[in-house]
Amino acid sequence: MTVETFKPKQTTTLDIPVKTLEATSTNAVTTGNRIGFVSLGCPKNLVDSERILTQLRIDGYEVTNSYDNADLVIVNTCGFIDAAVEESLDAVREALEENGKVIVTGCLGAKENQIREVHPDVLEITGPHSYEAVLKHVHKYVPKPEHNPFTSLIPQTGVKLTPKHYAYLKISEGCDNRCTFCIIPSLRGDLDSRNAGSILDEAKRLVESGVQEILVVSQDTSAYGKDKGGRTDFWNGMPVKQDITSLARQLGKMGAWVRLHYIYPYPWVDDLIPLMAEGLILPYLDIPMQHASPRILKMMKRPGRVDRQLEAIQRWREICPDLVIRSTFIVGFPGETEEDFQILLDFLKEARLDRVGCFKYSEVDGAVANTIAELISEEVKEDRYHRFMEVQAEISAERLARFVGRTLDILIDDVDEEGAIGRSFADAPEIDGMVFINGETELEPGMLVRARITHSDEHDLWAEVVDADTQD
């Protein structure tokens, strides 16, 4: 599966994600406690939005999908690359034009001057994961309503912006790495891991509410617990080591799919592979490698032994033959030569990765990489991007073809007039491929069905149900 475009904008309401908040009649009536909400960026930001929305509901506020009905609009921004910054500033502009009362939070909020320069009329600005500050500002401009919690109960899981059958579980904030193309540490700080007991409590509540798939996210998931100094936490009266392998093992006992995202290539990733082979967690490894040229990796401040990475991939596949590896790469990094790029293509051909995303280097304001070497022209970046995608498309088609004839568990995400659309263990929502089951219009989202794969291309699979007994 290939990812060809960066899609930072996801505007959400309380119940379901939608593209935009809508403008309704100019005579719309407000209740004095309605909040509009715009959530942009990655799944980690989505979790922040869910936390804010949950607290708003606990405080008695309503969440609306109309600018005109809203007494105030919150925009949770992304600031990772220039395209995301532009998208965030556009969202703030739209909210100001359509409503006028806007609070900005999120990653771009860490750069208040940049926002004020473009949108001086924004009421308040806070940085990422500033939940209490956001609520304090809401109370200031839209007074906290009189609220009887027994007449408007909040689900145990809080407000979720994903479908009921899957949810993101964020296990830490921040990052200790200092990759030269990234400004996340300056926006979100150093690694700050949650206590294992708190994570497992949340996971248990999610599964009990009907969640069938838990997607574990953070800035650097494999670093989980490094900041805990080896301290053990407790859950259900039992000690739990606070490292990613121990946490994954406990999550895998809860009866839901567990999918790990953003695994930095540390040596102890080897310890996760047996858990995948045992079926405790999904045999899916999201490991952003970024490049393959040792020279470029050194400039990026990333691990640079490509031979070791290839050896690791071979070793992992020997332990867990079903392993699906997703990765992302950057082309056109400052100073990247044609030789460096060819090393990357050669690595792709040898590694045979299943899912790959490719991004053209973007000059992120404040990133060290902007100044360490000569910038690559847009024409060269575009050419390398397309050459990269051509190579990977062939590999993706080959890797997907191995599923044809196999029978897999398929988690249904959607059903329309043509049939059901789902995902296998090899597919993360939003970023990977889909499994199309034509004609099965009686299935429902959240069902887990057995289906035989009948066809594949370079992106998706097609299947037919072989077991009428489905699991909700």
### Selection from region 195-218 of residues that are over 15 Å from Thr245 (Cα atoms), free of Cβ contacts under 8 Å to residues at least 60 places away in the same chain and either touching a strand residue (DSSP E or B) at 6+ places or on another chain (Cβ under 6 Å) or open to solvent by less than 50 Å² (accessible area, probe 1.4 Å) (or both)
Glu202, Ala203, Leu206, Val207, Val211, Ile214
### Message
So, in region 71-89, how many residues would count as being in contact with a Gly (Cβ under 9 Å, 6 or more places away or on another chain), open to solvent by 10 Å² or more (accessible area, probe 1.4 Å) and either outside any helix (DSSP H, G or I) or of a type in the set (D, E, K, R) (or both)?
### Response
4
### Message
Against the definition (open to solvent by less than 40 Å² (accessible area, probe 1.4 Å), free of Cβ contacts under 8 Å to residues at least 60 places away in the same chain, of a type in the set (D, E, K, R) and farther than 21 Å from Ile287 by Cβ), how does Arg384 come out, yes or no?
### Response
yes
### Query
For region 422-439, how many residues meet the condition of being buried (at least 21 other Cβ atoms within 10 Å of the Cβ) and over 16 Å from Leu408 (Cα atoms)?
1
### Task
Check region 443-453 and report whether any residue there is touching a His at 6+ places or on another chain (Cβ under 7 Å), more than 19 Å from Trp257 (Cα to Cα) and not in a loop (DSSP other than H, G, I, E, B).
no
#### Entry: Every pair of residues 6+ apart whose Cβ atoms lie under 9 Å, when the first sits in region 87-107 and is within 15 Å of Tyr141 (Cα to Cα) and touching a residue at least 40 places away in the same chain (Cβ under 8 Å) while the second is in a helix (DSSP H, G or I) and open to solvent by less than 10 Å² (accessible area, probe 1.4 Å)
Lys101/Ala95
### Message
With buried (at least 21 other Cβ atoms within 10 Å of the Cβ), at pLDDT 90 or above and either in contact with a Phe, Trp or Tyr (Cβ under 8 Å, 6 or more places away or on another chain) or in a helix (DSSP H, G or I) (or both) as the only criterion, which of Val104, Val92 stands out?
### Response
Val92
### Task
Output yes when any residue across region 383-405 is in contact with a Lys or Arg (Cβ under 7 Å, 6 or more places away or on another chain) and part of a strand (DSSP E or B), and no when none is.
no
### Subset of region 230-244 [of a type in the set (Asp, Glu) and either open to solvent by 100 Å² or more (accessible area, probe 1.4 Å) or not in a loop (DSSP other than H, G, I, E, B) (or both)]
Asp233
#### Entry: Among the residues listed as Ile313, Ile296, Ile281, the single one being farther than 28 Å from Ala83 by Cα, assigned to a helix (DSSP H, G or I), aliphatic (A, V, I, L, M) and open to solvent by less than 10 Å² (accessible area, probe 1.4 Å)
Ile313
### Message
I'd like the full set of residues that are among the hydrophobic types (A, V, I, L, M, F, W, C) and in contact with a Lys or Arg (Cβ under 8 Å, 6 or more places away or on another chain), limited to region 427-469.
### Response
Ala428, Ile431, Met434, Val435, Ile453, Ala463, Val465, Val466
#### Entry: Hits in region 299-310 (condition: open to solvent by 10 Å² or more (accessible area, probe 1.4 Å) and either assigned to a strand (DSSP E or B) or out of contact with any Pro (no Cβ under 8 Å at 6 or more places or on another chain) (or both))
Lys301, Arg302, Asp307, Arg308, Leu310
### Task
For region 166-174, state whether one or more residues are of a type in the set (Asp, Glu) and modelled with pLDDT of 90 or more.
no
### Residue list for region 34-45, restricted to those being modelled with pLDDT under 85 and open to solvent by 10 Å² or more (accessible area, probe 1.4 Å)
Gly41, Cys42, Pro43, Lys44
#### Entry: Number of the condition not met by Pro185 [criteria: (1) without any contact (Cβ under 8 Å) to a residue 12 or more places away in the chain; (2) more than 25 Å from Arg305 (Cβ to Cβ); (3) not basic (Lys, Arg)]
(2)
### Message
So, in region 246-271, how many residues would count as being within 20 Å of the chain's Cα centre (by Cα) and in a helix (DSSP H, G or I)?
### Response
4
### Message
If I filter region 336-359 down to residues being buried (at least 18 other Cβ atoms within 10 Å of the Cβ) and among the acidic types (Asp, Glu), which single residue comes out as farthest from Tyr385 (Cα to Cα)?
### Response
Asp354
### Query
In region 406-433, what residues are under 19 Å from Tyr168 (Cα atoms) and part of a loop (DSSP other than H, G, I, E, B)?
Ser424, Phe425, Ala426, Asp427, Ala428, Pro429, Glu430, Ile431, Asp432, Gly433
### Query
Of the residues that sit in region 453-472 and are more than 27 Å from Ser327 (Cα to Cα) and not hydroxyl-bearing (Ser, Thr, Tyr), which one is most open to solvent (accessible area, probe 1.4 Å)?
Asp472
### Query
Yes or no: Asp409 out of contact with any Gly (no Cβ under 7 Å at 6 or more places or on another chain) and surrounded by fewer than 15 Cβ atoms within 10 Å (Cβ to Cβ)?
no
## Note on the structure
Within region 222-248, residues farther than 19 Å from Asp201 by Cβ and in contact with a strand residue (DSSP E or B) (Cβ under 6 Å, 6 or more places away or on another chain) come out as Asp227
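The values are calculated or read from the model by the stated rules, or taken from the named source; none is laboratory data. Here the structure is a predicted model, which means the values were calculated and not measured. Counting neighbours? That spans all protein chains shown, and the Cβs are built from the backbone with ideal geometry, glycine included. What goes into the accessible areas is simple: the full protein's heavy atoms, side chains included, and nothing from ligands, DNA or RNA. Shrake-Rupley method; radii C 1.70, N 1.55, O 1.52, S 1.80 Å.
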